[in-house]
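> Mind having a look at this structure? Questions to follow.
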Amino acid sequence: MKTLKIAIQKSGRLNEKSVELLKNCGLNFENYKSSLISPVSNFPLEILFLRDDDIPEYVQDGIADLGIVGENMIEETEVDVDYLQRLGFGKCTLKIAIPNNSPVETLADLGGKAIATSYPAILEKFLVKNNIKADVRMISGSVEISPGLGLSDAIFDIVSTGGTLKSNGLKPFADVMSSEAILIGNKNIENKDLIEELIARIQSVLRAKETKYVVLNVSKANLQQVIDLLPGVKSPSVVPLAEPDWVAVHTVIPERDFWDKISKLKQAGAQGIVVMPIEKIIV
């Protein structure tokens, strides 16, 4: 059986979460800092530690079968790969930012301005779409300092919290695209069964992160009202308690509306609510 290869960041904002995800999938490997390849001891997989901007082309060219990389890098390198799974981490927005004292007020005002960026392909597409002719200046590294040095009138870069912009006298001006980590695959990938197994493991981990396991006690008189609030994975589990008129209800609640559900459960008569994290959900 051919060993799969998956490429992840050697260092950077996606490395830690990528390693955590793969380990949560039950894969045993060493996170080598000085090596390009780390074999997985309990699955036919090798992990390649690469620069993030190399990952899309490695996957496109078949050097790696799979890759975990930011959506922004896929768009910037304009590679032809399959999007296999959104991973829910590494979320950010690519924005155009301008100095606090900039006269620019509308997108049209960017016409004729110099914009510094490490993502010229994405920026060029945005400018063309909006019929803006600007001077795109490719800069590697600290893009945010370029207006202060007189190298540009604006920048286009990844923004997570906005703290770096603020510290350099810049403010967000226009959102261009949102990005998160994506599992990508080569178009001519082999070993479909292995790929499906790995994706199933990843999806089980992702589902678990989005839910909480809840156990609560409720009187039989209020049971149906509670059940109506808790659909669970299929339906809640109901277990008799030593006290004849009471039962324990086991279910899962989506993280996105967790506190709203808990409030409604208490109003419906739920007591002794215990909340636990879930490691994996396999369907």
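> On the basis of being small (G, A, S), within 30 Å of F258 (Cβ to Cβ), at pLDDT 90 or above and surrounded by fewer than 16 Cβ atoms within 10 Å (Cβ to Cβ), does A221 make the cut? Show your work before the answer.
Working: small (G, A, S): yes; within 30 Å of F258 (Cβ to Cβ): yes; at pLDDT 90 or above: yes; surrounded by fewer than 16 Cβ atoms within 10 Å (Cβ to Cβ): yes.
In short, yes.
> Could you identify the single residue in V215, V136, V143 that is of a type in the set (A, V, I, L, M) and in contact with a helix residue (DSSP H, G or I) (Cβ under 6 Å, 6 or more places away or on another chain)? Steps first, answer last, please.
Values: V215 fails: in contact with a helix residue (DSSP H, G or I) (Cβ under 6 Å, 6 or more places away or on another chain); V143 fails: in contact with a helix residue (DSSP H, G or I) (Cβ under 6 Å, 6 or more places away or on another chain).
That would be V136, the only listed residue that is of a type in the set (A, V, I, L, M) and in contact with a helix residue (DSSP H, G or I) (Cβ under 6 Å, 6 or more places away or on another chain).
> Given the condition closer than 30 Å to I278 by Cα, assigned by TED's automatic domain parsing to the domain that holds L66 and among the aliphatic types (A, V, I, L, M), answer yes or no: does some residue in segment 186-193 qualify?
no
> Is segment 75-83 home to any residue that is touching a Phe, Trp or Tyr at 6+ places or on another chain (Cβ under 6 Å) and touching a residue at least 60 places away in the same chain (Cβ under 8 Å)? Give the derivation first.
First, pick out the residues of segment 75-83 that are touching a Phe, Trp or Tyr at 6+ places or on another chain (Cβ under 6 Å): 76.
Now narrow it down to the ones that are touching a residue at least 60 places away in the same chain (Cβ under 8 Å): none.
No; the residues of segment 75-83 include none that is touching a Phe, Trp or Tyr at 6+ places or on another chain (Cβ under 6 Å) and touching a residue at least 60 places away in the same chain (Cβ under 8 Å).
> Another one. Give just the number: which of (1) touching a Phe, Trp or Tyr at 6+ places or on another chain (Cβ under 8 Å); (2) more than 15 Å from A174 (Cβ to Cβ); (3) of a type outside the set (S, T, Y) does I145 not satisfy?
(1)
> Here's a check for you: in segment 231-253, which residue that is within 27 Å of the chain's Cα centre (by Cα) and not basic (K, R) is farthest from P277 (Cα to Cα)?
Applying the filter and picking the extreme gives P231.
> Under 9 Å by Cβ, and 6 or more places apart or on different chains, what pairs join a residue from segment 150-173 that is surrounded by fewer than 14 Cβ atoms within 10 Å (Cβ to Cβ) with one that is part of a strand (DSSP E or B) and among the hydrophobic types (A, V, I, L, M, F, W, C)?
Close Cβ pairs (under 9 Å, with a partner that is part of a strand (DSSP E or B) and among the hydrophobic types (A, V, I, L, M, F, W, C)) amount to S160/C92.
> Right, here's the next one. Mind checking whether some residue in segment 102-117 is in a strand (DSSP E or B) and within 25 Å of Q9 (Cα to Cα)? Walk me through it before giving the result.
Going residue by residue through segment 102-117, those that are in a strand (DSSP E or B) are 114-117.
Those still in the list that are within 25 Å of Q9 (Cα to Cα) too: 116-117.
There is at least one residue in segment 102-117 that is in a strand (DSSP E or B) and within 25 Å of Q9 (Cα to Cα).
> Mind checking which pairs have a first residue in segment 266-279 that is without any contact (Cβ under 8 Å) to a residue 60 or more places away in the chain and a second that is assigned to a helix (DSSP H, G or I), Cβ under 6 Å, 6 or more apart or different chains?
Every condition considered, the pairs that remain are A268/N222; A268/Q225; A268/V226; G269/N222; A270/V226.
> Check whether at least one residue in segment 77-90 is in a helix (DSSP H, G or I) and either modelled with pLDDT under 95 or aliphatic (A, V, I, L, M) (or both), and report yes or no.
Taking segment 77-90 and keeping what is in a helix (DSSP H, G or I), we get 77.
Right, trim to either modelled with pLDDT under 95 or aliphatic (A, V, I, L, M) (or both) and you get 77.
For segment 77-90, residues in a helix (DSSP H, G or I) and either modelled with pLDDT under 95 or aliphatic (A, V, I, L, M) (or both): present.
> Condition test on A134, is it surrounded by 17 or more Cβ atoms within 10 Å (Cβ to Cβ) and of a type in the set (G, A, S)?
On the way: surrounded by 17 or more Cβ atoms within 10 Å (Cβ to Cβ): yes; of a type in the set (G, A, S): yes.
So A134 passes the test.
> Then there's this: Quick one: count up the residues across segment 28-66 that are under 21 Å from N191 (Cα atoms), free of Cβ contacts under 8 Å to residues at least 40 places away in the same chain and touching a strand residue (DSSP E or B) at 6+ places or on another chain (Cβ under 9 Å).
Counting residues in segment 28-66 that are under 21 Å from N191 (Cα atoms), free of Cβ contacts under 8 Å to residues at least 40 places away in the same chain and touching a strand residue (DSSP E or B) at 6+ places or on another chain (Cβ under 9 Å) gives 5.
> Taking the stated definitions as given, is D82 in the same structural domain as E196 (by TED's automatic domain parsing) and surrounded by fewer than 19 Cβ atoms within 10 Å (Cβ to Cβ)? Please lay out each step first, then the result.
Numbers: in the same structural domain as E196 (by TED's automatic domain parsing): yes; surrounded by fewer than 19 Cβ atoms within 10 Å (Cβ to Cβ): yes.
Answer is yes for this residue.
> Out of all the residues in segment 8-55, which are hydrophobic (A, V, I, L, M, F, W, C), assigned to a strand (DSSP E or B) and closer than 22 Å to S118 by Cα? Outline the logic, then answer.
Restricting attention to segment 8-55, the residues satisfying the condition of being hydrophobic (A, V, I, L, M, F, W, C) are 8, 14, 19, 21-22, 25, 27, 29, 36-37, 40, 43, 45, 47-50, 55.
Next, only the ones that are assigned to a strand (DSSP E or B) stay: 8, 37, 45, 47-50.
I8, F49, L50 - these are the residues of segment 8-55 that are hydrophobic (A, V, I, L, M, F, W, C), assigned to a strand (DSSP E or B) and closer than 22 Å to S118 by Cα.
> What helices (runs of 4 or more DSSP H) lie completely within segment 185-267 and have 3 or more residues being hydrophobic (A, V, I, L, M, F, W, C) and closer than 30 Å to K23 by Cβ? Give the derivation first.
Details: elements: 192-209, 223-229, 258-267.
Result: 192-209.
Conditions tested, residue by residue: (1) surrounded by 18 or more Cβ atoms within 10 Å (Cβ to Cβ); (2) over 20 Å from D135 (Cα atoms).
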position: E30; (1), (2): no, yes
position: L87; (1), (2): yes, yes
position: A97; (1), (2): yes, no
position: L107; (1), (2): no, no
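> Now a separate question. For segment 134-151, which residues satisfy the criterion of being more than 10 Å from S118 (Cβ to Cβ), out of contact with any Leu (no Cβ under 6 Å at 6 or more places or on another chain) and hydrophobic (A, V, I, L, M, F, W, C)?
I145, L149, L151 - these are the residues of segment 134-151 that are more than 10 Å from S118 (Cβ to Cβ), out of contact with any Leu (no Cβ under 6 Å at 6 or more places or on another chain) and hydrophobic (A, V, I, L, M, F, W, C).
The values are calculated or read from the model by the stated rules, or taken from the named source; none is laboratory data. Bear in mind the structure is a predicted one, so any value in this text is a computation, not a measurement. FYI the Cβ positions are ideal-geometry reconstructions off the backbone, even for glycines, and counts take in every protein chain you see.
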